[in-house]
1. Quick one: Cα centre-to-centre distance for the range 73-116 and the range 309-345, in angstrom?
2. Between residue 93 and residue 279, what FRET efficiency follows from the Cβ-Cβ distance if R0 is 30 Å, with the result rounded to 0.05?
3. Using the beta-carbon distance between residue 297 and residue 223 and R0 = 45 Å, what value does 1/(1 + (r/R0)^6) give for FRET efficiency, to the nearest 0.05?
4. So what is the relative contact order for the chain, in percent, with contacts set as C-alpha pairs under 8 Å and at least six apart?
5. What distance in nm separates the simple spin-label points at residue 177 and residue 239, each placed 7 Å from Cα in the Cβ direction?
6. With viscosity set to 0.890 mPa s at 25 °C, what whole-number translational diffusion coefficient in µm²/s follows for the chain from Stokes-Einstein and a Kirkwood radius over Cα pairs?
7. How many percent of all Cα-Cα pairs in the range 121-166 sit more than 12 Å apart?
8. Give the span of the range 213-311's Cα atoms along each principal axis, as three whole-Å numbers ordered largest to smallest.
Ligand SMILES: [Fe+2]
């Protein structure tokens, strides 16, 4: 396994790069925009393919690297379903798996620092975001923070993990790099409380100054979506309402780019074909499945995904590969569902 802990000294942020093997798919957690060049250099040096960029929550102290990484690598952006960001490619909820080739992380909803905070468990280690820090916990006084929710997330979820589980937080300001659940249980001063009330009193009495970057970072981090408008301006998008008329049309091939688990959870547009986003480059190039389908049948390729991000990138790739009729459903299955579009399982 490849595991790298990267540090942004300006914001004290830890970023994690994970992959199951050299030459394989990689995942990055909590990237910082100023460090994107460094991440991509490392990804190249380790011969990795970055396929997912994940934020544990909307950060207030730095601007996320999610958008820049997506624009430069066409990776998928991922956040929790509660995150009030405009658009990400994929949203996760408690009990889901965050997967890449050879790795599957358990998704834990751990609100409290913010109401969109998640932790990710990978076998012997857990990425705790700003929920559980080393000898500390994330502040709970803005972004819908809630000390009672955080108490529940920490005491009833994270501290229930085996004592030897390694804790990798999103921040540290004192140079600590890793702890364990057992160590934090025993030595984290914030966790030496007898009740949720005592914890709430402790957190509510901290009186911390706002992060320096907050007024810049939060608004920037809420707008991470790809400009689907640019794809629409080129005439490569159909609205979900117009897409309703495309079902069962003989000259149209609806292509679902999502993962199997997303299809099972949210349903699929009836009659659509499954061609997962990671296989896109192979599928649209000459000789590829979608390229052949379009050329042999003359069908118009209509991509869709969860929110329109992956499909917008797919349209660009298909157009670049010469499939001039390719388009996508703007807003994805999310927009489709809001219109009451039919779904199959
Ligand atoms: Fe945070």
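Quick note: the coordinates plus some simple rules give every number you see, no bench work behind them. Treat the numbers as computed from the prediction; the structure is a model and nothing was measured. Note: ideal-geometry Cβ built from the backbone for every residue, glycine included; neighbour counts use all protein chains shown.
1. Computed from Cα coordinates, the inter-centre distance equals 21 Å.
2. Working: r = 25 Å, r/R0 = 0.83.
The pair residue 93/residue 279 has a calculated efficiency of 0.75.
3. On the way: r = 39 Å, r/R0 = 0.87.
Calculated transfer efficiency: 0.70.
4. Values: 718 pairs, mean separation 44.7, N = 345.
Normalised by residue count, the contact order of the chain is 13 percent.
5. 5.4 nm
6. On the way: Rh = 21.1 Å.
Roughly 116 µm²/s, to the nearest whole number.
7. On the way: 657 of 1035 pairs.
So the portion of pairs separated by more than 12 Å is 63 percent.
8. Cα extents, longest axis first: 53, 29, 26 Å.
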